[in-house]
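Worksheet: one structure, shown below.
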Amino acid sequence: MTIDHLVDPAWLLEHLNDPDIRIADLRWYLLEPGRGRIEYLEAHIPGTVYLDIDTDLAAPPFQGPGRHPIPSPEAFAATASRAGIAPTTHVIAYDSVGGAYAARLWWLLRYFGHERVSLLDGGWPAWTAAGFPVETGDVAPQPTVFVPRPNRLMVVDADAVETLRHNPRALIIDVRAPERYQGIAEPLDPRAGHIPGAVSAPYADAIDTNGRLLPADALRARYAALGADRAETIVCYCGSGVTAAHTILALERAGWKNVLLYEGSWSDWSRDPARPAACDIIPCKGCDGDE
């Protein structure tokens, strides 16, 4: 059975009591640790488990590339087992911001060999807008045994990006907000700007005003205009490897399969003073100009 990238709230309501469905709440706030879990405890889709980006879906900062390194196979297996994810489980992930954070779980599950995962299109806002049932408190499902099978071919590091950015058949996409790409603002990382040669395609522009992913044809037009049709390899990066997963999902939904994640993303690249940076500000401050 082919698993779609997305399911809608009505479909999930119909399958809410299916024993092979596991729902995961990924609400998370970059500058407000713990807020997502508080919101989950106050109200969530019935039967949903909560997974935290920082503690469940990443290794500790810089114990690997960047602020959100991929967790070790053992750590992710423990998280997935505790969440009740079995080989036959269809995982449905949601958040409150159009899937930007839920896509981290979508990507990690596939990286560790579990293909049965989708996003709830429209997420928590779409569920509540439909007036569908919610519950409070915590959920502790029956644990399973998750066997991780990491696929390192889905990931590139800084050295690979350095090579690819000089390759005319490669496309490097920066999915951060425009002001971070341009070097106007950098709230978190050591330097402002972007990887020289990268194009800007903010992940949020792939989400409509209702928090749903744009149709596949609109996504295809968007990424084709950036050169995706001509690329043999596409690399996505963000601040720390979280929201880049959303753009990978969008690209796959539009038909591209040759899409890789730069795991450490800008938090890894900008930390190394030997790595060049570019920005759109003249005179440039905090980067190396537009090389």
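Every number here is computed from the coordinates shown, using simple stated rules; none is lab data. In this text, all values refer to a predicted model and were calculated from it rather than measured experimentally. Neighbour counts are summed over all protein chains in view; Cβ atoms, including those assigned to glycine, are modelled from backbone coordinates with ideal geometry.
Values as computed for the structure displayed
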| read-out | value |
| --- | --- |
| Packing-based ranking, highest mean first, of 173-183, 214-224, 121-131 given that Cβ atoms within 10 Å are counted | 173-183, 121-131, 214-224 |
| D (Stokes-Einstein, µm²/s), Kirkwood Cα radius, the range 20-84, 1.567 mPa s at 4 °C | 102 |
| Contact order normalised by residue count of the range 6-150, Cα under 8 Å, 6+ apart, percent | 33 |
| Convex hull per residue volume in Å³, alpha carbons only, for the range 153-269 | 96 |
| Beta bridges by DSSP in the chain, antiparallel share as percent, to the nearest 5 | 10 |
| Whole-Å semi-axes of the range 66-223's equivalent ellipsoid (Cα gyration tensor) | 30, 23, 15 |
| Contour excess over end-to-end distance, with Cα ends at residue 140 and residue 232 and 0.36 nm allotted per residue | 28.8 nm |
| Rg [Å, one decimal], Dmax [Å, integer] - the range 6-150, C-alpha atoms | 14.2, 42 |
| Calculated over the chain: convex hull of Cα atoms, volume per residue (Å³) | 124 |
| Rg/Rg_ref, the range 125-178, where Rg_ref = 2.2 N^0.38 Å and atoms are Cα | 2.10 |
| Rounded to 5, percent antiparallel among DSSP beta bridges of the range 153-269 | 10 |
| Value of relative contact order over the chain, rounded to a whole percent, pairs C-alpha under 8 Å and six or more apart | 20 |
| Distance between modelled label sites at residue 169 and residue 81, nm, 7 Å Cα→Cβ extension | 4.3 |
| For the range 6-150, share of DSSP beta bridges that run antiparallel, in % to the nearest 5 | 10 |
| Packing-based order for 22-30, 154-162, 225-233, 243-251, using average beta carbon neighbours within 10 Å, highest first | 243-251, 22-30, 154-162, 225-233 |
